[in-house]
Amino acid sequence: MSGDLLAVSDLHVAYADNRAVVDSIRPGHPDDWLIVAGDVGETFAHVTETLELLRDRFARVVWTPGNHELWTPEHDPVTLRGEERYLALVAECRRLDVLTPEDEYPLWTGTGGPVRVAPLFTLYDYSWRAPGTHTKEESLAAAHAAGVVCTDEFFLHPEPYATRDDWCRARVAGTERRLAALDPGVPTVLINHHPLRREPTEIMWYPEFAQWCGTDLTADWHTRFRAAVVVYGHLHIPRTTEYDGVRFEEVSLGYPREWRARVNGTPQPVRKVLTVR
């Protein structure tokens, strides 16, 4: 196989300027794969229509959900909530031939391979608490007092789980079992919408927001599961960092006001995540 393993996240196609960026995304080689690490859009149609467009262009598309895909906004005619909404998106992805966290992890054999490409879906459990707080309740209260409250609290429903953190713990346990069963001789590319470690959140302007960004339960996955690279989004702070010798790539496009502040003219949203070893 030739081609590159590419990645992007946080396309937020409700914005016309972001839809124009998506229209510009093209493979450089017929064998290119595209990782889409969540937050494609806020409505069911935004997600499926965008993934269909990208699947028509790339040899393979690998998607994992962000928090926005899991919202049930009032203006969306698809009123499914929680896990039922997620599984309906998975079913649509299978119809489109887009890989999801519920599918077998594919083997990439192009540039930088072979590696096992693992899309994950782990959510968050409020363990990344606001400074000076010691419980979920204290951390949420601090966020409300600061006026920094994630929209998930209103639109991301956890059914059939009692809470989002219960859903997170269930997702982490099931994903951990799958990763532990992989061939230990093959490196991985771990893909998650939320960062697997807390450190990337430390540069955010509002530290109270970190509680909606991940979980301590995944902090060692990059070493335990032999990651060649970890791909994530959510923070809208695209950059490359390294932890324990493993490269972490934040690959988000973000909102127009954000990417315009970073680039002159048209952004280059797609990142190559592997190079020749």
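Computed values, structure above
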| item | result |
| --- | --- |
| Tally of residues being in contact with a strand residue (DSSP E or B) (Cβ under 7 Å, 6 or more places away or on another chain) and either of a type in the set (K, R) or over 19 Å from A219 (Cα atoms) (or both) across region 112-149 | 4 |
| Matching option when the condition is in contact (Cβ under 8 Å) with a residue 60 or more places away in the chain and either surrounded by fewer than 19 Cβ atoms within 10 Å (Cβ to Cβ) or closer than 28 Å to T109 by Cβ (or both), among Y243, Y206 | Y206 |
| Condition broken by A173, with the remaining ones in (1) part of a loop (DSSP other than H, G, I, E, B); (2) small (G, A, S); (3) free of Cβ contacts under 8 Å to residues at least 40 places away in the same chain satisfied | (1) |
| Filter result (over 26 Å from E74 (Cα atoms) and surrounded by 13 or more Cβ atoms within 10 Å (Cβ to Cβ)) within region 124-137 | S127, W128, R129, A130, T133, K136 |
| Qualifying residue in region 151-166 (condition: of a type in the set (S, T, N, Q), modelled with pLDDT of 95 or more and either surrounded by fewer than 14 Cβ atoms within 10 Å (Cβ to Cβ) or part of a helix (DSSP H, G or I) (or both)) | yes |
| Residues that are in a loop (DSSP other than H, G, I, E, B) and without any contact (Cβ under 8 Å) to a residue 24 or more places away in the chain, drawn from region 210-232 | A219, D220 |
| Hey, T215 touching a Cys at 6+ places or on another chain (Cβ under 8 Å) and of a type in the set (S, T, Y) or not | yes |
| Hits in region 246-270 - residues which are buried (at least 19 other Cβ atoms within 10 Å of the Cβ) and either out of contact with any helix residue (DSSP H, G or I) (no Cβ under 9 Å at 6 or more places or on another chain) or of a type in the set (D, E, K, R) (or both) | E249, E250, V251, V270 |
| Failed item, numbered, when H193 is tested on (1) in a loop (DSSP other than H, G, I, E, B); (2) over 20 Å from T122 (Cα atoms) | (2) |
| Condition check for E104: under 19 Å from the mean Cα position of the chain (by Cα) and assigned to a helix (DSSP H, G or I) | no |
| Candidates Y232, Y243 - the one that is aromatic (F, W, Y), in contact with a helix residue (DSSP H, G or I) (Cβ under 8 Å, 6 or more places away or on another chain), closer than 13 Å to S9 by Cβ and modelled with pLDDT of 95 or more | Y232 |
| Top-ranked residue of region 55-99 - restricted to ones that are acidic (D, E) and in contact with a Pro (Cβ under 9 Å, 6 or more places away or on another chain), ranked as surrounded by the fewest Cβ atoms within 10 Å (Cβ to Cβ) | E84 |
| Candidate set: region 81-136, residues that are in contact (Cβ under 8 Å) with a residue 40 or more places away in the chain and in contact with a Cys (Cβ under 8 Å, 6 or more places away or on another chain); chosen: the one nearest to T175 (Cα to Cα) | T122 |
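The values are calculated or read from the model by the stated rules, or taken from the named source; none is laboratory data. Note that this is a predicted model, so its numbers are computed, not measured. Counting neighbours? That spans all protein chains shown, and the Cβs are built from the backbone with ideal geometry, glycine included.
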